[in-house]
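Notes follow once the structure below has been shown.
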Amino acid sequence: MGQNCDNKLSIEVIDLHDGSSLVNTNIYFEEIDIGGKTDQNGIIVFENLCDGSYTLSVSHEDCETLNVKVAVKKDTYKKVYLEHHLNELQEIIVTSSNRVNSKSLFENKISKEVLDDYNSRTLGEVLQTVTGVSTLNSGSYLSKPVINGLHSSRVILINNDVRLEDQEWGIEHAPSIDINSIDKLSVIKGASALQYAGDAVGGVIIAETSNEKLVDDLYGSVTTNLQSNGRGGSVSTNFTKTKSNGWYYKFQGTLKQMGDFETADYFMTNTGFQENNISLKAGLNRIDHGFEIYYSLFSNQLGILRSSHVHTAIDIINAINNEIPSVIEEFSYDINIPRQKISHNLVKIKAFKNFNFGKLSMRYDYQVNDRKEFDIRRGGRTNPVLDLNLQTHALALDLQSKFDSSSNFKAGISGRYQKNFPDPATGVKRIIPDYKKYDFSFYSIYDTTFNEDWLVEAGIRYDFSHINSYKYYRTSLWELRNYNELFPEFLVEDLGTNTLTNPKFDFHNISSNLGVRYSINEGENIYLNYSISSRKPNPSELFSEGLHHSSARIEIGDLSFQSEVGNNISLTYNLSNEKSALTFNSFINYVNDFIYIIPVRTTTTLAGVFPVWEYMQSDANLYGFDVKYDKQYFDNFFIVHQFSLVKGYERSNDKPLINMPPANLKNSISYNFLDFNNLNISLESEYVFEQNEYPDTNFEIYIPTSQTYAMLDMSTPPQAYHLLNLSSSIQFGSKNGGEYKINVRVENLFNNLYKDYLNRLRYFTHDMGRNIMLSLNYNY
């Protein structure tokens, strides 16, 4: 009788997504069996409640039922937030998955079907399906993407929101990413993705996993591949567990094994590889908040073509003039010296929260890249000749806000700490020194739509970088480059034949972007974009001085280099409808203080005779265009045409730039038998023109055995070539609702013998011959 039962409980029910009041929400007290519905303001009031704890069941026709505990000891006011129903939530997730990274620049997206078809390949090979993207290769497996004629440090790769830091300066350092670990791949040509980087003079490649479904489900896939060239294959699997309350986790793993690849006439000795990759992802995905933990390991060991490492001056002359390798052995799975071993660990923790002013995201990521290169050593030593350990910590804070229905704003700040440690235990002069690098950046991007036809986007980014390194220079080179007068403050100690230095640099770079998109009508758009990108010299360009073993060349950098500044203008026309699509993209890129590397001479070391490549810097102009047209005839016949052309010259003398992609023409026809398990048959044609504009980098070398000089041809491109590829796929359903897909693909159908200008091993060998690939994929 002494209990207080005069309490009042007011409940307001609010839509978690947009903050609106939820009318006619059912509220039920389980303990006392009373209930009611909220009014037009989303409020309901219960009176004459006794002191105690109550369980409220809150339900709405468009929301999931929510149980809430409420303690009542006096008059109480309680806000309850309800989430959208699963279908609406899923629609939001799909919308965010299809986000556009730059609204004023056409974005090339690679479909999930293409990623599945290329699941045994490298990232570079997949990217070649995009018009205007080629690859700079080091043999048959190592490939780096080339966008609008630019590569390496000028092309930034974003892996699940994280900028990949994996010693990308090396010409034979392929991206450390497993194609099976990603679900979406986008290419932005040019420097407009300022939220990711300001130094992307060539472009940005964005690799992402998909957002998980908000249902109680378990799904995944298993894929096996076999191929004739290399006599190996791969196995990849992934599975995802999701919950309707937003919790999820995902596992993915890949194993690959290949032996020596072969051309049309011979095996390329010591070109096999092994690869083991895993990735894990877990988190919570809600409308107003969420977090994610991501981990990936990319690990491989691969052989370097044995004949690319020669010992005498006449050997290197013969290797290039004879066109075929000096070492040809029987097929083997052995990975012998020279070889390289790479592991790349990535950890990411990301969280977001929606506020009234926008979506705030915070991310921390940590990367460890460990690279070991092995070469022939005296005394039978097996330790590496190059051992680099690169650690990177990064912290970023990003804000996305919507001013009104037609305007959007993005801003962010980030910091990065990087430490490079070249292990001196190798006993070999370190090509890249010890250094610590500190980066700080912030960006701001705004876009607005004036009407249904016009959109304008503008952005600016500032990047600061401080590099602090310690390096031993040969005193002769230190004085020859006049460093003793240019940088006397770097000198630590003169050791006679060597000089210990402490180079320190500060770089302040500003990048910006202004672009418009004009919609002529539905499915027809014009994109015009002007961007300024600023890139600091990478560690190799600044500090290199020594033998880069896996490249089989000596590289020399320059401490006096300034930041590159690119002024890029791009124009894109895109037309698409249900039956056809046409995309025309053109660009002009004026790059001030463009950095490039060319061969200048040879030199003899204890390991043999190697060409010397030196970094140079001068103003350059690049321009080009690419076009893609695809057309569907009837319901099952398709054609695709692609063409790309890139030119690059030094501005002062119109001298062609080295390693510019030659013109490329691709055509394909395909036919679908829709009533026969969606059987598809495709025939592809690729014609690569001979590069007729290239710098003359030939020079004479001395042959001691004959006491004569001979011309070393390092510049003449190979002839044009034409390849045909045939592919077919068929799908079958299973009783448990899963789906099987079988793919058969034959590349270089007629087993042509050819060389590619962008393959750095073309001096020593031809490219791959016929390759028959079979893959079986099961989705459940």
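The values are calculated or read from the model by the stated rules, or taken from the named source; none is laboratory data. Computed from a predicted structure; not experimentally measured. Glycine also receives a Cβ, built like all others from the backbone with ideal geometry; neighbour counts cover every protein chain displayed. The accessibility values were calculated without ligands, DNA or RNA, using every heavy atom of the protein model including side chains. Shrake-Rupley method; radii C 1.70, N 1.55, O 1.52, S 1.80 Å.
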How far apart, in nm, are the 7 Å Cα→Cβ label points at SER405 and SER210? 3.1
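If we count GluC sites (Glu not before Pro) as exposed when they sit in a DSSP loop and have at most 15 other beta carbons within 10 Å, what is the longest stretch of the chain that avoids them all? Mind showing how you got there, number by number?
Working: sites that count: GLU30, GLU31, GLU61, GLU64, GLU323, GLU329, GLU330, GLU452, GLU522, GLU578, GLU690, GLU693.
Of all site-free stretches, the longest is 65-322.
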Taking Cα pairs closer than 8 Å and at least 6 residues apart, the relative contact order of region 319-393 in percent is 27
Normalised contact order of the chain, rounded percent, pairs of Cα under 8 Å and 6 or more residues apart: 10
Over region 597-742, what percent of the accessible surface lies on carbon and sulfur atoms, probe 1.4 Å? 54
Expressed as a percent, the accessible surface of region 291-436 that is carbon or sulfur, using a 1.4 Å probe and the full set of protein chains, is 56
Percent of beta bridges antiparallel (DSSP, the chain, rounded to nearest 5): 95
If pairing requires two Cys Cβ atoms under 4.7 Å apart, which cysteines of the chain are left without a partner? CYS63
Taking a 1.4 Å probe, which of TRP454, TRP169 shows the most accessible area, and what order do the others take after it? TRP454, TRP169
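Are there any chymotrypsin sites (Phe, Trp or Tyr not before Pro) in region 229-300 that are in a DSSP loop and have at most 16 other Cβ atoms within 10 Å? List them by number. Spell out each step's value before the answer.
Numbers: sites: PHE239, TRP247, TYR248, TYR249, PHE251, PHE261, TYR266, PHE267, PHE273, PHE291, TYR294, TYR295, PHE298; in loops: PHE261, TYR266.
Taking region 229-300 and a limit of 16 other Cβ atoms within 10 Å, the loop chymotrypsin sites (Phe, Trp or Tyr not before Pro) found are TYR266.
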3J(HN,Hα) from dihedral phi, region 270-280, Karplus parametrisation 6.51/-1.76/1.60, rounded to Hz, x for glycine, proline: 6, 10, x, 7, 10, 9, 9, 9, 9, 8, 10
At GLU47 and ILE34, where each label point lies 7 Å from the Cα along Cα→Cβ, what is the point-to-point distance in nanometres? 1.0
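Using the heavy atoms of the protein chains and a 1.4 angstrom probe, tell me the accessible area per residue for the chain in square angstrom. Don't skip to the end; give the middle numbers.
Working: 34020 Å² over 780 residues.
That works out to 44 Å² for each residue.
What are the chymotrypsin sites (Phe, Trp or Tyr not before Pro) within region 335-397 that DSSP puts in a loop, where the Cβ has at most 11 other Cβ atoms within 10 Å?
Working: sites: PHE352, PHE355, PHE357, TYR364, TYR366, PHE374; in loops: PHE357.
Within region 335-397, the qualifying chymotrypsin sites (Phe, Trp or Tyr not before Pro) (loop, at most 11 other Cβ atoms within 10 Å) are PHE357.
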